[in-house]
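Reviewing the structure listed below.
Every number here is computed from the coordinates shown, using simple stated rules; none is lab data. This structure is a prediction, so every number in the text was calculated from the model and none was measured. Because the Cβ atoms are built from the backbone with ideal geometry, glycine has one as well, and the counts that use them run over all protein chains shown.
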Amino acid sequence: MSDFAKRAETLAAGYLPRTELQRLLDALVSTGYRCVGPRVRDGAIQYLPLDRADEFPVGVRDHQEPGSYRVEVVDDERCFAWANGPQALKPLTFAPDEVLWQFSADASDLSFTTPTRAHPMTAVIGVRGCDLAALRLQEAHFLAPGNRDPAYAARREALFLVGVDCSHPAATCFCTSTGDGPSLGSGYDLALTELDDGFLVWRGSRLADAVLATLDLPPADAQLLRRAKDQQAQAAAAQQRRMPAPQRLMGLMQRLDHAQWDDVAARCLGCGNCTAVCPSCFCSSHRAEPALDGLSGSQVRSWDSCFTLEHSTMHGRPVRADIRTRYRQWLTHKLAGWQSQYGRSGCVGCGRCITWCPVGIDLTAEAAALLETDSA
Amino acid sequence: MSVHLPVAAEIVERIQESRDIFTLRLRRVGPDGPLRFDFAPGQFNMVYLRGAGEVAISIVSDPDEERFFDHTIRAVGRVTDALAALAPGDRIGIRGPFGTGWPLREVEGRDVLIVTGGLGCAPVVSVINYLFRRRAAFGRIAILQGVRHAADMIWRPRYDAWAAQPDTEIHLAADVSAGDPGLFQGTVVELFKRLDLAADNALAMLCGPEVMMAAAVAELRARGFADAAIYLSLERNMQCGNGLCGHCQFGPLYVCRDGPVFAYSAIADWFGKRGF
Ligand SMILES: Cc1cc2nc3c(=O)[nH]c(=O)nc-3n(C[C@H](O)[C@H](O)[C@H](O)COP(=O)(O)OP(=O)(O)OC[C@H]3O[C@@H](n4cnc5c(N)ncnc54)[C@H](O)[C@@H]3O)c2cc1C
Ligand code: SF4
Ligand code: FES
């Protein structure tokens, strides 16, 4: 059974007419959240602060193909009829730059302190199934029992997640095959299903109770539920790309010398765009930022990419000196290594790395080509 | 002690071991005086010099030593050069200890072979010290050590003292022996010819450049060592030390957290594979 059908069977939905969408924002604000939601900026959907329902991307559609992203506006009222933009939730939890600690020194003493980590309580509206799946993957990494990253934890704890079932997947999406969408799986606090005239509203966690009490919605009737079910089944069926099954992907580790790695290396620029837009990639580098007086300063963690030479450099020599081994590192880790480390593949089917790759490399096609033959 | 926040440590002594290798003898300082620092031989710390950065450095002193702990460092770049300029009384930051240690419990009552080469001597010296301080607990001890140049063979008097102990064999080599009669001119792998130790009841511990360790693994397997009886200490670029930054990925393993000491049986699929 699909995620949506399961939800419809176990939960009751309220109904919010589109004309009342502002009430949702108001309810979130009165519960204590600032709102962040999808808006078009620089030609792409991005999560940005917003206060008014008319700031949502009304009538916006996204067209995604390998190496290409374009938005257009059509004549309808839907706010969430697009798939995704370059960012997922990642920048909101795993910050692009994070101060890990600060030091201060004088003639005789040296001390280290953790910066204060007060983040405003934030409701993120428009979270996708793939975003939630990627969040769970990053939590498995950053919030593992016994090795919790305090900076990540502080940002995560400030979030309230309003998911929206995907009704219009992009041509680059393949979340049906990874099992992470287009309908929301678990992990949202509140979920919306957008229909032509309004939204089904679902409770996901205790945190949603205050918001739902304020909204006081009437129940959605059987006809609305049927329309939603059909819409979500269509969204799932519309996807053309597929990721091979997890057990098959483990076979990548038996193909480390496959000729396809040379083939992809001849096309890949090693730019690292794919790792920057990937919602599960977690690599970081650390650097010291001393103040001018040398007596204080901080240690900063920033996003890094396994496509850089410095990522693997030791004693002046990179372990992965060519693009072939760097692309292989990325793909084998994402699709196979994650399974050993975190119990599932690191790919959630969002297709961002396909869209934002300047030369349009499609990891589903690369994985399929590698797995098709046994060539060692 | 938090793995996420350094604590201050004071340099109590600085020892110049060779032209570019030095030891910092350290003690953790708390508000009420020195603090104990617990670790296992084979583990490492992230050593932070204010304003300069953090580097991964093995801990080479004895784990039962309560008064201090030692880092032996080769000055090779920005941070390690700056660490070399420090003096007693100066303070640095320490996060750790990180990673797995050598299999010292498993080796009790058994024979031990230690193979070390290149610049990779520091992590394994802690083990050698550990074994000889508790000599009676172990069977035969054999050490094969190679360095590039005779001048890199630090702690020579210690090796001479160890070599004089019963049931012990020590073979030293240098690519450039510079006329030193105690050094075989050649690589550490060539020293296997001289080795008189059976695989039956032995564990091997390896540390050094990976090409050297790969050649040593081949020698050991040919002599009947099981993959699970061969341990290696690996090195990778490290930024965090605690399994978060992703830099030390080695197949599905993190060298900082799952290693740096691994049984060969756990890494045989990737070890020696270019790009891992
Ligand atoms: C688990 C572990 C234990 C180690 N134990 C010791 C030890 O006991 N004694 C010792 O002298 N050295 C040890 N090292 C190596 C030490 O971390 C590097 O020499 C040090 O990071 C170099 O930093 P730098 O700023 O001085 O040099 P840089 O100017 O940064 O670079 C100098 C050279 O070191 C390489 N390097 C940079 N960062 C690292 C890194 N994180 N890991 C490995 N190489 C790097 C660079 O590629 C460059 O060639 C260990 C490394 C690891 C991973
Ligand atoms: S796959 Fe594409 S996005 Fe990724 S590094 Fe190569 S060229 Fe850049
Ligand atoms: S050093 Fe950061 S993950 Fe191992």
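Key figures
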{"quantity": "Residue-by-residue Karplus 3J(HN,Hα) for the range A:25-39, coefficients 6.51, -1.76, 1.60, Hz, glycine and proline x", "calculated": "4, 4, 5, 5, 5, 6, 7, x, 9, 8, 9, 10, x, x, 9"}
{"quantity": "Ranking of A:Met253, B:Met212 by count of other Cβ atoms within 10 Å, fewest first", "calculated": "A:Met253, B:Met212"}
{"quantity": "Helical mean residue ellipticity (222 nm; -39500 (n - 2.57) per DSSP H run of 4+; nearest 500) of the protein assembly as shown", "calculated": "-7000 deg cm²/dmol"}
{"quantity": "Residues B:Ser233, A:Ser108, A:Ser298 arranged by fewest to most Cβ contacts within 10 Å", "calculated": "A:Ser108, A:Ser298, B:Ser233"}
{"quantity": "Calculated P(r) tail over 45 Å for the protein assembly as shown, as whole % of Cα pairs", "calculated": "31 percent"}
{"quantity": "Residues B:Ala268 and A:Leu269, FRET efficiency given R0 of 41 Å [Cβ-Cβ distance, rounded to 0.05]", "calculated": "0.75"}
{"quantity": "Computed label-point distance, nm, for sites A:His63 and B:Arg36 using a 7 Å Cα→Cβ extension", "calculated": "7.0 nm"}
{"quantity": "Computed label-point distance, nm, for sites B:Asp90 and A:Ser340 using a 7 Å Cα→Cβ extension", "calculated": "4.0 nm"}
{"quantity": "Principal axis dimensions, the range A:166-280 - Cα atoms, whole angstrom, descending", "calculated": "59, 28, 27"}
{"quantity": "Residues whose placed amide H lies under 5 Å from that of A:Gly297, excluding near-sequence neighbours", "calculated": "A:Phe103, A:Ala291"}
{"quantity": "Within 10 Å of each Cβ in B:234-245, the average number of Cβ atoms from other chains", "calculated": "5"}
{"quantity": "Cut-off 20 Å, label 7 Å out along Cα→Cβ of B:Glu190, residues of the range B:153-171 by amide N", "calculated": "B:153-154, B:170-171"}
{"quantity": "Extension reserve of the A:Thr19-A:Asp197 stretch, reckoned as 0.36 nm per residue once the Cα distance is removed", "calculated": "63.3 nm"}
{"quantity": "Cα-Cα separations in chain A greater than 39 Å, expressed as whole percent", "calculated": "21 percent"}
{"quantity": "Cα convex hull volume per residue for chain B (Å³)", "calculated": "129 Å³"}
{"quantity": "Inter-label distance for B:Asn201 and A:Gln223, nm, one decimal - labels placed 7 Å from Cα along Cα-to-Cβ", "calculated": "8.7 nm"}
{"quantity": "Order of A:Leu100, B:Leu220 under a 10 Å beta carbon neighbour criterion, fewest first", "calculated": "A:Leu100, B:Leu220"}
{"quantity": "Residue-wise HN-Hα coupling along the range A:241-257, computed from phi with Karplus coefficients 6.51, -1.76, 1.60 (Hz; x: Gly, Pro)", "calculated": "7, 9, 9, x, 5, x, 4, 5, 4, 4, x, 4, 5, 8, 10, 5, 10"}
{"quantity": "Per-residue HN-Hα couplings for the range A:313-324 [Karplus 6.51, -1.76, 1.60; θ = phi - 60°; Hz; x = Gly/Pro]", "calculated": "6, 9, 6, x, 10, x, 5, 10, 7, 10, 5, 4"}
{"quantity": "Under-5 Å amide H pairs with A:Ala220, H placed in peptide plane, nonlocal only", "calculated": "A:Ala13, A:Gly14, A:Tyr15"}
{"quantity": "Under 5 Å, built H, 5+ apart or other chain: amide partners of A:Val319", "calculated": "A:Ser312, A:Thr313, A:Met314"}
